[in-house]
Structure formats: structure tokens, C-alpha cells
1. I want to confirm something. Restricting to region 117-146 and keeping residues that are small (Gly, Ala, Ser) and farther than 22 Å from Lys52 by Cα, which single residue is surrounded by the most Cβ atoms within 10 Å (Cβ to Cβ)?
2. Determine which single condition Ile223 fails, assuming it passes every other condition in (1) modelled with pLDDT of 70 or more; (2) surrounded by fewer than 14 Cβ atoms within 10 Å (Cβ to Cβ).
3. So for region 182-204 (the condition being within 21 Å of the chain's Cα centre (by Cα), at pLDDT 70 or above, within 30 Å of Ser91 (Cβ to Cβ) and not β-branched (Val, Ile, Thr)), does at least one residue qualify?
4. Answer yes if at least one residue in region 80-97 is modelled with pLDDT under 95, among the polar types (S, T, N, Q) and surrounded by fewer than 18 Cβ atoms within 10 Å (Cβ to Cβ), and no otherwise.
5. Filter region 62-91 down to the residues that are out of contact with any Leu (no Cβ under 7 Å at 6 or more places or on another chain) and of a type in the set (Gly, Ala, Ser) and list them by number.
6. Tally the residues that are in contact with a strand residue (DSSP E or B) (Cβ under 8 Å, 6 or more places away or on another chain) and touching a residue at least 40 places away in the same chain (Cβ under 8 Å), restricting the search to region 130-145.
7. So for region 160-174 (the condition being touching a Lys or Arg at 6+ places or on another chain (Cβ under 8 Å), farther than 18 Å from Val95 by Cα, hydrophobic (A, V, I, L, M, F, W, C) and at pLDDT 95 or above), does at least one residue qualify?
Amino acid sequence: MSEYEHVRGGKLVLKGEKHKSKKRKHKRKREDCAPKVDSDCLAHGNWWRVSKIEDITGPVAIEFGKHTYVRALDSGLFTLGAPHDEGEGPSPEEVLTAVLIDERKVAFKSGYGKYLRVEKNGVVTGRSDAIGAMEQWEPVFQEGKLALQSYSDCFMSVNDEDDAVVAVDKKAGPEHMVQVRSQTVKDVNPLKDVPAEEQGDLQQVEINYVKKFQKFQDKRLRICKEDSSQLKKAKEEGTFHEALLDRRSKMKADRYCK
């Protein structure tokens, strides 16, 4: 048996049959194709953190610290709600409706149908039926942080004594930093404005354009065999399409080539 094991060559290969070699799947490619998971969003019950004012619209929650949100009271006042567990989103009383006013200002409406404003004593209340100058807030984004500035130029914060929501400080510190979270479905396709021919890596883009402009009736692809490293440089210099056309012209595979 030991001699047999020594000479046995494995699977029987017939004459004229081509041996098919197994292609190794690169682990890196599988990782690149895998969808990215927003762990921060999952930790907050699928409420994702906004990073620009355009995203502050519809149902939102204002988070101070970790898993604690501004909570509306039936008295028209606001307080800081109890901490939530990991993976849990805000309670219904902690959900506000954001209204985008312009490219700089937003307004917030509580679940009681009243808009947030700052009183003369600096207390944030929700008792306004309409949006005026006093009901407008300016989200200030800086270095990945966010603070909400009222019409009085004071920033929203939480009073340490009774957890009341106020706006009394004209300089923003760590205690004024918030996270505005939204549950509105984002457009997760970063290529929505990119033509279909230019989606993919450089090699795929070249194939896409050859398919689009080739003139051969047999529909067989003719790809230029020359080094394609110059395509990357051409893309950076803004001559990408000219370089692609030049490569197709060498194969005489483009209806626009002379």
C-alpha cells in the first residue's frame, strides 16, 4: 500500500482533457466587497449620527453624553432622559421633528407639536406654535463635533442641578457637545451621480467603455494589452477619457477612432 500511495497521482486525467487549476479567492477582495457596518448606529438602535446640516430633517434625537437624550415634558420644558442600554434607541418622548429652514438654520418640534425656543432666563421650552426668529437653531460643526446655537448666540446644554435643558453660555465647551441622531433612511449609494461606465476600478472602466463604443459585429472585446498604469496618472491629470480613447484607437475598436 505504501508503494501504491507513492505512485498514485490523484484524479485520473484523460488524454486531450485540459487540467483545470483551482483559482484561489483572495481574502482581501472578499473583505473589500463586504458591506461596511456602522457599529455606532447599531449601538443606538439604528439611529445614525448626522454630520452635516442637510441631514437634520425629519425624526431626530439630541444626545448628550452616551445614550442619554433630550426629553420633552408635558409642561413644555425639557430635561435629560434616563440612560438607554446598548443597542436601544431614544424613547418616543425623546424624538423631535427637525425642520430645515435654510443652509444654516433648523427648527425642532417636540412630540407635543410645539417648537423649541430659548426664554429670557435661558431655559429651553417647547411652547411655540410657529417658527419665528427665536425658534431657529444653528448647528455648528467643527472638527467632527457639533453644538446647537440659539438665536441669542448661546449654546444648548444641560443644567447640572436639575438636568433641565438650557442655553446660557456663549462659548461652547465639552458640556455643549451633542450628537443629533436620525432614523431617516440615507442614500447609501455613493456612486449615484457617477455614470454607469465609470463605476468600478480602472480596468473595469476601460472594459465598460470598450463595450459601449466597440464597432465589431462579433461583439468580442478587444482590450489594449499595453501597461494600464498610465490610466491612473491620466485620471489624476484630468485626461482620463483621452487616454482611454487612445488605447481603444490602437485596437481599432472604437467607432469614433479614425
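The values are calculated or read from the model by the stated rules, or taken from the named source; none is laboratory data. None of the values given here were measured: they were computed from a predicted structure. As a convention, Cβ positions derive from the backbone with ideal geometry for all residues, glycine included, and neighbour counts pool all protein chains shown.
1. The selected residue is Gly126.
2. (2)
3. First pass over region 182-204, keeping only residues within 21 Å of the chain's Cα centre (by Cα): 182-196, 198-201.
Right, trim to at pLDDT 70 or above and you get 182-185, 201.
When the remaining residues are screened for being within 30 Å of Ser91 (Cβ to Cβ), the result is 182-185.
Retained after the next criterion (residues that are not β-branched (Val, Ile, Thr)): 182-183.
The answer is yes, given that some residue of region 182-204 is within 21 Å of the chain's Cα centre (by Cα), at pLDDT 70 or above, within 30 Å of Ser91 (Cβ to Cβ) and not β-branched (Val, Ile, Thr).
4. There is no residue in region 80-97 that is modelled with pLDDT under 95, among the polar types (S, T, N, Q) and surrounded by fewer than 18 Cβ atoms within 10 Å (Cβ to Cβ).
5. Of everything in region 62-91, those that are out of contact with any Leu (no Cβ under 7 Å at 6 or more places or on another chain) and of a type in the set (Gly, Ala, Ser) turn out to be Gly65, Ala72, Ser75, Gly76, Gly81, Ala82, Gly89, Ser91.
6. Qualifying residue count, region 130-145: 1.
7. Step one: of region 160-174, the residues touching a Lys or Arg at 6+ places or on another chain (Cβ under 8 Å) are none.
No, region 160-174 contains no residue that is touching a Lys or Arg at 6+ places or on another chain (Cβ under 8 Å), farther than 18 Å from Val95 by Cα, hydrophobic (A, V, I, L, M, F, W, C) and at pLDDT 95 or above.
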